[in-house]
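The values are calculated or read from the model by the stated rules, or taken from the named source; none is laboratory data. Only a predicted model underlies this, so the values are computations on that prediction, with no experimental measurement involved. Because the Cβ atoms are built from the backbone with ideal geometry, glycine has one as well, and the counts that use them run over all protein chains shown.
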Amino acid sequence: MLNIECPYCGLRDEIEFSCGGEAHIVRPNKCHGLSNKEWSEYLFSRYNPKGIFIERWVHSSGCRRWFNLVRNTITNEIYEIYKMGENPKSKEGKIAFKKNWRGSHKDEFNNLEKINVKKKN
Amino acid sequence: MNLITWKKLMSKKRIDNFVTNYNKKVFFNFDGKKLSGFEGESLASALIANDIKLIGRSFKYHRPRGIMALGSEEPNALVRIHKNDRIEPNIQATKVKIFDGLVSQSQNRWPNLKYDLGKVISFFSRLLPAGFYYKTFMWPNFMWKTYEYFIRRLAGHGKASDVHEDPDKYEHIHFHVDVIIVGAGPTGLVSTLLTAQSGLKTLLVDENNYFGGCLLYENDIKINSLEGKVWAYKISKKLKKMPNVTLLNNSTVFGYHDHNYITIAEECSNYSVDEYLTFPRQRLWKVRAKKVILAQGLIERPLIMSGNDLPGVMLSGSVRGYINNYGVLPGDEVLICTNNDDAYRTALTLHNVGAKVKYVLDIRAKAKGKIIESVKNLGIEVLFGYGIASVNGNREVKNVEIGPLSEAGSSIIEKTKKIKVNLVAVSGGWTPSVHLFSQSGGKLIWDKKYFCFKPSIHVQEEMTIGGTDGSFDIKKSIDETIGKTKTLLKQFGIRTFKKVNLKIEAPSLSNEIRSIWRLPNEQGKKTSDKAFVDFQNDVLTSDILLASNEGYNSIEHLKRYTTLGMGTDQGKTSNMAGIGILSNKLSKNIEEIGTTTYRYPYTPVTFGTIAGNDIKSLFDPVRLTKIDPWHRLNHAKYEHVGQWMRAWYYPQKNENFRDAVNREVYNTRQSAGILDASTLGKIDIKGSDVRKFLNMIYTNDWSSIKKGQCKYGLMLKEDGMVMDDGVTSCINDNHFHMTTTTTGAPVVMSWMEEWLQTEWPNLDVFLTSVTEQWSVISIAGPKSRDILKASNCNVNLNEKIFPMMTFKDGLIDNVPARIFRISFTGELSYEINVPSKHGLRIWQKILKNGEDFGLMPYGTEAMHVLRAEKGFIIVGQETDGSVNPVDLGMDWIISKKKNDFIGKRSLAITSSTNDRKQLVGIFTDDPNKVLPEGAHAVESSKEKTPVKMIGHITSSYFSPNCNRSIALGLIKNGHSKFGDTIYFPLLDKDVVSAKIVKPCFFDSKGERINGL
Amino acid sequence: MGYSYLNLKDKKVLNSTSCFKKEQILSKNKDIGITINYHNNINIFNIRGNYKISDFQMLVNENFKYKVPSSIGRFNQNKISFLLNLGPDELLFISLGSNLTTIEKLEKNLKRIQLTITKVSDQYEMLNLTGKKVRWILSKGCPINLDKNFTVPGLCFQTILGHSNVILFCKEENSFSLLILSSYLDYVINWLKVSSHEHGYKIFN
């Protein structure tokens, strides 16, 4: 029973949340240009490391907000929790983020981030 | 604590003039015999007092067994407890607290404990070593069922209750604390006192009824000149008065989970409480602590020798405990065998109550110290370098054979001497109780001096103190505890501490131990290999050696192959010896062998405790609509749709299911029907980017829908498969009202929120769930317009003004209503949305007026039939997550204009694949035969098995409007097979033939929709 | 045909159609640990949007004489209304009684400043829970730290109670309000009864 600090509601028991799997998966904007293999990778392939992993969770029984979480899959230690749309700032988070195997979509992600930043009025 | 001296009872084993906490005389029953005891003492203690040594029969070999230990580490004495309707098997006699009228029974024996026929198995013991079931009972194959029948009867411990209703109440409680201290022994109490005095919210938990831990069982520890248990009592009284302290006795911390989440099973009221269902019997505490302090102490290990499982062989510390705490004497002609100093305290205790200690055998070559001298001074003979070769007796210890050990300790070097005894107290050392520490993820280290694993690397916010920490000197422990606790408290910002003055007098023990994991048998004598390591699962030392010989050299493999440590006692007294024997066999260091993974629960937890009050009506919420009281009043039958209970059909008089549904379906198309559709999901979508958003979520185009119009939409998952459908209406450019299926409501809401928050946060769209805000009353049928007109509705229902797929706002009986012209039946239909408070009233108003027009209510079954007659799909019935819109013949709903929408890319792959199952209609050749839903289709009735299946039936009903059976199904390449005959082999061996037809059976031109 | 109908004007009928039968069970010591009462006439509005706008603050202050609660998990109240901050872009406004004109004015003005307001008065039921044992009883099914030093008046939580999602807010030391989806009312009342049985409870409308 993890103790998760929702960035909006504070520390809550895991039972209030649902896990959304691997984080930082960006939906390809030009999906029709992708090969079937690349598209199926986006749809189905998910990273499953033994060690530091960045995943996303949603506070389903609370504020219903999505956020990102850096967790050690062996010890369940949580290193960092940060809002959706942001990048990790902790040491472990940065290492795991760099290791992101979805290299081809990194640029898209960065572009999207710029749009989000602009949006905040 | 009532210090009343009590008198000698009929029982021979109670010590004269002994002072205990237990003083109310009660009668209880064991195996049919009425016995006396004191309320609150353990059943084990009461049985010892009544000189009952034989308590049960062992798991595999049915050997006679007795009480070995004091508390939850007891492996042998499992009993079955009765009180009226409450029956519980496999409870340790050491944990049962007796009360007046307790009925207890021994287990695993037939016909009775003394003369158990199962003993016969012992003669076959050579056929039953560890892992025997991988080697025996293999042939012939078909005999396994017979073997299994007998093995099941012979194996196992207790028998479960025959009563199916548990009369007791259980509950859960969530609790948040600053500090939790597990174990109320001397160090636990000191730590709690310091923590409590600093004002932090504190929780102290202990397994036993009284706090004090080892202080309750020893008589040679004094704290501040008070006897140990008196000091403990004073401290617990002090703690009880503090408002920031919660004390939990009779509670076991059974699990240490992530992030300091601690689960505790509390025994709230023992069997004697008769108030069923009001007060909980057991309570599960779910505690989140900022800091955890583990002070669970040490568990003693036995020595292993031939015959060590006979009743009368006990752990030496436990012998002391029975004397000091309960005032009962397990035996008066005693032999003590030890490898450490602690057992000498037992010699002193026994001597002081008048028992005769024949010898103290110390397997160490030599040892010195105060305590050894004091034993010698009493005239008790201490033999160094001696061991027990065998323990002998029929159903209890009668004598032991002792002899001097060789230098290596691997053999007895002289002829053995026979000593007549009735109690053997053994001590093989003490193991820190590191279960919870290990569950927390902490790593252990091997201590060479004290021959045990102790905590080394702490992973969570916890600390270990006292015995748990591997500390064997009580004075040192307490000093360390004070220091460690202060350091912990400083982390809370606490700077000042009350002075803690503790003068501790305790025996000093050098505690250097010698380890001989299996004491040797007598030389020359035929070696009996009945030297038990795990008593509960009947695991012998030879089993461990056998497993190793067969290649199971890892401790985890050894555990599973031999079942060492897999009993309800989880190897508390046996795991260490197993590791030791394996390490000797492989000539490896113990550190290299390591321990098995410690898992929760620490001691068994009942299902009742885990279920709490989530049973019966509270197991899963039952959701009802606001119109439900009418359905109930009119005897509707219900069906579950997710958590909702919806009216399924409304039988009149003596109608059965089929008649009622046929009537409802027929009547709806003849006059009109009314349905409670309030459970359908409704989502209010607002914002300037709504159209953009809907264009991504739905397959069709939403850019041009005008204010007041409704449109049917299909939602796909990113893999192109149908996820949900519904009608969405445009209230204005920035405000849409979406509907979903009943079970889809929360799913679609979460789905859309996910996209908006994680992928398109730049879209100005906001969602609010309004499923329960509106009651939805659906009227369908040619008379619906007239009925609505007659219900005080101020909306102009003229066909030109209010066409199909539009909605209007207005009033019905002065209640604000939004009326949608949407049809799920193909008939003229109005879906009336009113705020749910008014749902019941408007339903009644419409129905009352409508009765004259022939209006009848219809339930979900009739609704299913009506839409099937028109070939409309139901998501979840025709689809199962692997069906895309093209399969359903719904190409028309996929926009050709749109650049992108969720699922579009995947459709490019899946819609072009051949051999996909496609939605078609099925007409059975016999029009009265209704195929069962799920029936599989095959191409020919003559094929030999295995036959290729080409599809299945998704919906199947009898249609009174078509006057024949109708069905929808997904058949491979169905869209190119219209007119073909296919076959459905059914479970009753019948093979039904049917034709593939277009999936619309009634009003295929759609002429009835305007009711004209 | 001849279907049966309920006389909705009859109070007895209304009471029997809901699980809100007046009921009382005393504890062993003859106390009542928790009192559950049901708020009949409430209006609830869900306000969503990026509302870090001073216009909105002014509006609320003008009409209700309190400020918009500053952080998520807090609420402000006056005698007739509550304003709960539930999320980064979500507020819940509860009005006791039917003071609709103020709400309608609020709605018009909110639309002007591009906040969305959705009426959800029938979506929720509001239960008021008072009594010495409220925190203990709620802890049986709610994982929040309900210690009186932690959950102080002014805090609100979106959490669970047993199997139902709830919005819980603390009005006073021993006084809480619970907002639940109306279809879960039966379940929650049943849950409260089972959990309060040994402490004594009183339910009224």
- Item | Some residue of region B:420-432 being assigned to a loop (DSSP other than H, G, I, E, B) and within 39 Å of the chain's Cα centre (by Cα) | yes
- Message: For region C:136-148, which positions are more than 8 Å from chain B (Cβ to nearest Cβ) and not hydrophobic (A, V, I, L, M, F, W, C)?
- Response: C:Lys148
- Item | B:Asp659 vs. criteria of a type in the set (Asp, Glu), part of a helix (DSSP H, G or I) and not assigned by TED's automatic domain parsing to the domain that holds B:Glu73 | yes
- Task: Please tell me if B:Leu284 is surrounded by 20 or more Cβ atoms within 10 Å (Cβ to Cβ), within 14 Å of chain A (Cβ to nearest Cβ) and either modelled with pLDDT of 95 or more or under 23 Å from the mean Cα position of the chain (by Cα) (or both).
- Result: yes
- Message: If I ask for residues that are in contact with a strand residue (DSSP E or B) (Cβ under 6 Å, 6 or more places away or on another chain) and either within 13 Å of chain C (Cβ to nearest Cβ) or among the small types (Gly, Ala, Ser) (or both), which ones from region B:739-752 would you list?
- Response: B:Thr742, B:Gly744, B:Ala745, B:Met749
- Tell me which residues, restricted to region B:763-805, are closer than 24 Å to B:Thr742 by Cβ and among the hydroxyl-bearing types (Ser, Thr, Tyr). B:Thr768, B:Ser769, B:Thr771, B:Ser775, B:Ser778, B:Ser784
- Is region B:396-405 home to any residue that is crowded, with 21+ Cβ neighbours inside 10 Å, assigned by TED's automatic domain parsing to the domain that holds B:Arg364 and charged (D, E, K, R)? yes
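Conditions (1) crowded, with 17+ Cβ neighbours inside 10 Å; (2) at pLDDT 95 or above, marked per residue:
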{"site": "B:Asn849", "(1), (2)": "yes, no"}
{"site": "B:Tyr858", "(1), (2)": "yes, yes"}
{"site": "B:Met863", "(1), (2)": "yes, yes"}
{"site": "B:Asp891", "(1), (2)": "no, no"}
{"site": "B:Lys942", "(1), (2)": "no, no"}
- Specify which of the listed residues (B:Ala408, B:Ala389) is at pLDDT below 95, out of contact with any strand residue (DSSP E or B) (no Cβ under 6 Å at 6 or more places or on another chain) and over 30 Å from B:Thr603 (Cβ atoms). B:Ala408
- Note on the structure: Per the list (1) more than 30 Å from B:Leu618 (Cβ to Cβ); (2) in contact with an Asp or Glu (Cβ under 6 Å, 6 or more places away or on another chain), residue check on B:Ile181 breaks on (2)
- Answer yes if at least one residue in region B:475-489 is of a type in the set (A, V, I, L, M, F, W, C), closer than 26 Å to B:Gly385 by Cβ and surrounded by 18 or more Cβ atoms within 10 Å (Cβ to Cβ), and no otherwise. no
- Query: For B:Val319, which of the numbered conditions (1) modelled with pLDDT of 95 or more; (2) away from every other protein chain (no Cβ under 13 Å); (3) in a strand (DSSP E or B) fails to hold?
  - Reply: (3)
- Item | Which numbered condition B:Ala547 fails, given (1) in contact with a Leu (Cβ under 8 Å, 6 or more places away or on another chain); (2) farther than 18 Å from B:Ala130 by Cβ | (2)
- Query: Being at pLDDT below 80 and basic (Lys, Arg), is that true of even one residue in region B:192-202?
  - Reply: no
- Query: Can you pull out the residues in region B:65-75 that are in contact with a strand residue (DSSP E or B) (Cβ under 7 Å, 6 or more places away or on another chain) and surrounded by fewer than 24 Cβ atoms within 10 Å (Cβ to Cβ)?
  - Reply: B:Ser72, B:Glu73
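Every residue, every condition in (1) under 30 Å from B:Pro601 (Cβ atoms); (2) in contact with a helix residue (DSSP H, G or I) (Cβ under 8 Å, 6 or more places away or on another chain), yes or no:
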{"residue": "B:Ile516", "(1), (2)": "no, no"}
{"residue": "B:Val539", "(1), (2)": "yes, yes"}
{"residue": "B:Glu556", "(1), (2)": "yes, no"}
{"residue": "B:Lys559", "(1), (2)": "yes, yes"}
{"residue": "B:Leu564", "(1), (2)": "yes, yes"}
{"residue": "B:Gly567", "(1), (2)": "yes, no"}
- Query: In this structure, does B:Thr740 turn out to be touching a Cys at 6+ places or on another chain (Cβ under 9 Å), at pLDDT 95 or above and of a type in the set (Ser, Thr, Tyr)?
  - Reply: no
- Have a look at C:Gly200, C:Gly162, C:Gly131 and point out the one that is at positive phi and facing chain B (nearest Cβ under 10 Å). C:Gly162
- Query: Looking at region C:170-189, is at least one residue without any contact (Cβ under 8 Å) to a residue 24 or more places away in the chain, crowded, with 21+ Cβ neighbours inside 10 Å, within 7 Å of chain B (Cβ to nearest Cβ) and under 28 Å from B:Asp684 (Cβ atoms)?
  - Reply: yes
- Looking only at region B:607-660, count how many residues are surrounded by fewer than 18 Cβ atoms within 10 Å (Cβ to Cβ) and of a type in the set (Phe, Trp, Tyr). 3
- Message: If I go through region B:134-145 residue by residue, how many of them are over 25 Å from B:Ala547 (Cβ atoms) and either surrounded by 11 or more Cβ atoms within 10 Å (Cβ to Cβ) or in the same structural domain as B:Tyr561 (by TED's automatic domain parsing) (or both)?
- Response: 1
- Message: For region A:55-68, check the following and say yes or no: at least one residue is charged (D, E, K, R), over 25 Å from B:His257 (Cα atoms), at the interface with another protein chain (Cβ under 10 Å from one of its Cβ atoms) and buried (at least 20 other Cβ atoms within 10 Å of the Cβ).
- Response: yes
- Of the residues that make up region B:241-259, is at least one more than 26 Å from B:Phe492 (Cβ to Cβ) and acidic (Asp, Glu)? no
- Note on the structure: Within region B:615-659, restricting to residues that are touching a residue at least 12 places away in the same chain (Cβ under 8 Å) and charged (D, E, K, R), the one that is farthest from the other protein chains (Cβ to nearest Cβ) is B:Arg658
- Task: Could you check, for region B:205-221, whether at least one of its residues is touching a Ser or Thr at 6+ places or on another chain (Cβ under 6 Å), surrounded by fewer than 24 Cβ atoms within 10 Å (Cβ to Cβ) and not hydrophobic (A, V, I, L, M, F, W, C)?
- Result: yes
- Message: Suppose we keep only residues that are more than 11 Å from chain C (Cβ to nearest Cβ) and surrounded by 21 or more Cβ atoms within 10 Å (Cβ to Cβ) within region B:753-782. Which one would you say is farthest from C:Lys119 (Cα to Cα)?
- Response: B:Gly781
- Note on the structure: Within region B:895-915, the count of residues that are under 14 Å from B:Met723 (Cα atoms) and either away from chain A (no Cβ under 14 Å) or assigned to a loop (DSSP other than H, G, I, E, B) (or both) comes to 3
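Table: residues versus (1) within 14 Å of chain C (Cβ to nearest Cβ); (2) out of contact with any Leu (no Cβ under 9 Å at 6 or more places or on another chain); (3) surrounded by fewer than 24 Cβ atoms within 10 Å (Cβ to Cβ).
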site: B:Gly158; (1), (2), (3): no, no, yes
site: B:Phe175; (1), (2), (3): yes, no, yes
site: B:Gly185; (1), (2), (3): no, no, no
site: B:Gly188; (1), (2), (3): no, no, no
